Number of protein chains: 2
Amino acid sequence: MRILLTNDDGVHAEGLAALERIAAVLSDDVWVVAPFSEQSAQGRALTLTTPIRVRRLGERRFAVLGTPTDCVMLAAELVDGAKPDLVLSGVNRGQNLAEDVTMSGTVAGAIQGMAMGIPSIALSQSLEDFHSGAAQYETAEAFAPSIIRTLLKAGWPREVVINLNFPDRPPAQVVAVEVTSQGVRDVQHGLRTERRTDLRGDDYYWMGFLDRAEDASPGADLRAIREGRISVTPLHVDLTHRPTVHELRKVLGGAPPKR
Amino acid sequence: MRILLTNDDGVHAEGLAALERIAAVLSDDVWVVAPFSEQSAQGRALTLTTPIRVRRLGERRFAVLGTPTDCVMLAAELVDGAKPDLVLSGVNRGQNLAEDVTMSGTVAGAIQGMAMGIPSIALSQSLEDFHSGAAQYETAEAFAPSIIRTLLKAGWPREVVINLNFPDRPPAQVVAVEVTSQGVRDVQHGLRTERRTDLRGDDYYWMGFLDRAEDASPGADLRAIREGRISVTPLHVDLTHRPTVHELRKVLGGAPPKR
């Protein structure tokens with residue numbers, strides 16, 4: 001089984017080393033195509049307007065001056081011979097839950113693999129205090145190989161990508177695995193921008209998030225992680241909101257409106 | 001009604017001028033917060049690792065060195081007094097259909113408005129030959145105000161964003177309005193990367209798309225645009241693939257697997 005690894009924290013990230021150890025349990029044909037530097041919150045960004053540089057760091061190891069989506073797209077060029085049988089993206093430093101999955105470079109790397117017809121899994125190690133530094137990658141490492149094997153054996157639809165999150169606990173304190181739905185955060189009240197002034201007197205802004213109110217209802221990814229369970233969420237990229245298609249058809253449709 | 005305009009083609013784009021004319025039909029309280037330069041394919045990218053510069057170009061007009069998502073987030077700081085009642089993002093030069101909506105900066109700007117609790121609409125003027133240059137913005141201009149009024153009157157759920165696409169035809173040849181679902185393209189076979197060598201002898205890559213096989217089944221956004229109809233697609237960002245949640249619960253869940 002040929003496995004392609006990517007991430008969004010960059011080729012030198014600790015979480016990628018953890019992912020390489022996970023992949024080594026599953027196969028000895030493992031390739032790495034990862035960004036040079038941190039690409040957090042790059043979502044599905046794709047580099048179209050500038051050329052992309054690639055550096056070969058080893059026989060099966062490349063660094064790309066681009067996004068995780070770029071990495072997976074370029075892997076088709078960079079990986080010798082057969083295309084990968086599995087794309088693993090991560091292990092991200094910090095969880096990718098709720099609507100953050102739409103901004104996550106880690107999830108985007110897996111979505112790109114799925115778009116190219118390859119079974120793809122995003123892995124994230126959650127971190128309750130993001131500033132404290134140490135993510136407990138040993139938790140992802142302890143459980144990921146077995147979960148990935150179970151998933152590959154069961155299979156999943158080709159339009160679906162798997163989003164795995166591991167709780168911020170040592171392996172012995174992980175209580176369960178749960179197949180979850182994407183949760184909801186109150187982004188509206190969690191937004192934070194701050195204006196500062198530089199040494200030349202010009203303004204600039206930083207953006208960030210406050211602690212956000214969470215809808216951690218039972219079955220949600222947020223709830224599973226908060227309560228020490230491993231969260232497994234199948235995602236797809238058909239964003240159609242079908243109930244609203246039905247509702248809007250009552251008021252729109254047919255001949256174009258008068259101008 | 002206070003309207004915030006943004007886009008992903010940049011503050012000087014022709015499509016933004018078209019959007020300003022559309023907004024002027026609806027309100028005289030219109031604000032523009034748009035990127036300095038083209039942000040196509042930036043998806044939901046958010047600028048977290050570098051400071052963001054803002055330039056005030058007019059009383060109600062700002063250019064942001066950042067992504068469409070940055071623009072809408074910063075608008076909360078930049079727009080005096082009450083927050084907007086409506087976010088309009090576009091008019092994009094080129095369609096945003098099928099899974100391209102997950103990469104589109106135009107749709108991302110609207111998603112960010114929705115995330116902040118504001119009814120939000122993305123507008124795109126399709127363009128059959130992207131290299132030919134001229135998008136027929138007069139088509140978006142002719143029909144958008146009436147469609148937006150109908151949508152605002154009917155309302156839609158707060159977790160939903162509206163994706164409007166106008167066909168590449170003059171207004172008189174637009175045959176209908178259709179409420180659609182997001183279509184599917186065959187991305188796997190449409191990917192294209194090309195390696196070139198620069199004048200110093202170093203390699204670089206470009207990425208792009210070939211013409212892609214399309215599933216333009218009836219009811220899909222792709223089909224509506226191809227056949228000259230205006231496409232109205234309600235989107236949301238809950239990516240959960242519910243049938244697979246159900247299936248995976250048969251094989252995963254309960255106590256964590258043995259290590």
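Output the number of the condition that B:Gln112 fails; it satisfies all remaining conditions of (1) part of a helix (DSSP H, G or I); (2) modelled with pLDDT of 95 or more; (3) surrounded by 24 or more Cβ atoms within 10 Å (Cβ to Cβ).
Status for B:Gln112: all satisfied but (2).
Going through region A:75-101 one residue at a time, which ones are over 23 Å from A:Arg149 (Cβ atoms), outside any loop (DSSP other than H, G, I, E, B) and open to solvent by less than 20 Å² (accessible area, probe 1.4 Å)?
Once the filter is applied, which keeps residues that are over 23 Å from A:Arg149 (Cβ atoms), outside any loop (DSSP other than H, G, I, E, B) and open to solvent by less than 20 Å² (accessible area, probe 1.4 Å), region A:75-101 yields A:Leu78, A:Ala98, A:Val101.
I'd like to know if region A:78-88 contains one or more residues that are free of Cβ contacts under 8 Å to residues at least 40 places away in the same chain and either touching a strand residue (DSSP E or B) at 6+ places or on another chain (Cβ under 7 Å) or among the β-branched types (Val, Ile, Thr) (or both).
No, the conditions are met nowhere in region A:78-88.
Being buried (at least 24 other Cβ atoms within 10 Å of the Cβ), in contact (Cβ under 8 Å) with a residue 12 or more places away in the chain and closer than 22 Å to A:Asp70 by Cα: is that true of A:Ala144 here?
So A:Ala144 fails the test.
Sort through A:Ala172, A:Ala122, A:Ala154 and tell me the only one that's under 30 Å from A:Val79 (Cβ atoms) and without any contact (Cβ under 8 Å) to a residue 12 or more places away in the chain.
Going through A:Ala172, A:Ala122, A:Ala154 in turn, the sole match is A:Ala154.
I'd like to verify a number: residues in region B:207-228 that are within 8 Å of chain A (Cβ to nearest Cβ) and at pLDDT 90 or above, how many?
Total satisfying the criteria: 0.
Exactly one of these conditions fails for B:Leu199: (1) crowded, with 17+ Cβ neighbours inside 10 Å; (2) outside any helix (DSSP H, G or I). Give me its number.
Against the list (1) crowded, with 17+ Cβ neighbours inside 10 Å; (2) outside any helix (DSSP H, G or I), B:Leu199 comes up short only on (1).
Can we say B:Asp70 is open to solvent by less than 30 Å² (accessible area, probe 1.4 Å), among the charged types (D, E, K, R) and touching a Leu at 6+ places or on another chain (Cβ under 9 Å)?
Yes.
Open to solvent by 20 Å² or more (accessible area, probe 1.4 Å), out of contact with any Gly (no Cβ under 8 Å at 6 or more places or on another chain) and assigned to a helix (DSSP H, G or I) - does that describe any residue in region A:156-166?
No; the residues of region A:156-166 include none that is open to solvent by 20 Å² or more (accessible area, probe 1.4 Å), out of contact with any Gly (no Cβ under 8 Å at 6 or more places or on another chain) and assigned to a helix (DSSP H, G or I).
For region A:170-187, what are the residues that are facing chain B (nearest Cβ under 8 Å), in a loop (DSSP other than H, G, I, E, B) and under 28 Å from A:Met116 (Cα atoms)?
Passing the criteria: A:Thr180, A:Gln182.
Filter region B:47-64 for residues that are modelled with pLDDT of 90 or more and either part of a loop (DSSP other than H, G, I, E, B) or among the small types (Gly, Ala, Ser) (or both); which is surrounded by the fewest Cβ atoms within 10 Å (Cβ to Cβ)?
Result: B:Glu59.
Just checking, how many residues over region A:122-169 are within 12 Å of another protein chain (Cβ to nearest Cβ) and not acidic (Asp, Glu)?
Result for region A:122-169: 29.
For region A:70-106, what are the residues that are facing chain B (nearest Cβ under 8 Å) and within 16 Å of the chain's Cα centre (by Cα)?
A:Asp70, A:Met73, A:Glu99, A:Val101, A:Thr102, A:Met103
When residues of region B:127-140 are filtered for being modelled with pLDDT of 95 or more and buried (at least 21 other Cβ atoms within 10 Å of the Cβ), how many remain?
3
Taking region A:213-259 as the region of interest, how many residues are open to solvent by less than 30 Å² (accessible area, probe 1.4 Å), part of a strand (DSSP E or B) and without any contact (Cβ under 8 Å) to a residue 12 or more places away in the chain?
1
Within region B:127-134, is even one residue in contact with a Ser or Thr (Cβ under 8 Å, 6 or more places away or on another chain) and not aliphatic (A, V, I, L, M)?
No: region B:127-134 contains no residue that is in contact with a Ser or Thr (Cβ under 8 Å, 6 or more places away or on another chain) and not aliphatic (A, V, I, L, M).
The values are calculated or read from the model by the stated rules, or taken from the named source; none is laboratory data. Bear in mind that the values here come from a model prediction, so they are computed numbers and not experimental data. Cβ: placed from backbone, ideal geometry, glycine included. Neighbour counts: every protein chain shown. Only protein heavy atoms, including side chains, enter the accessible area calculation; ligands, DNA and RNA are left aside. Shrake-Rupley method; radii C 1.70, N 1.55, O 1.52, S 1.80 Å.
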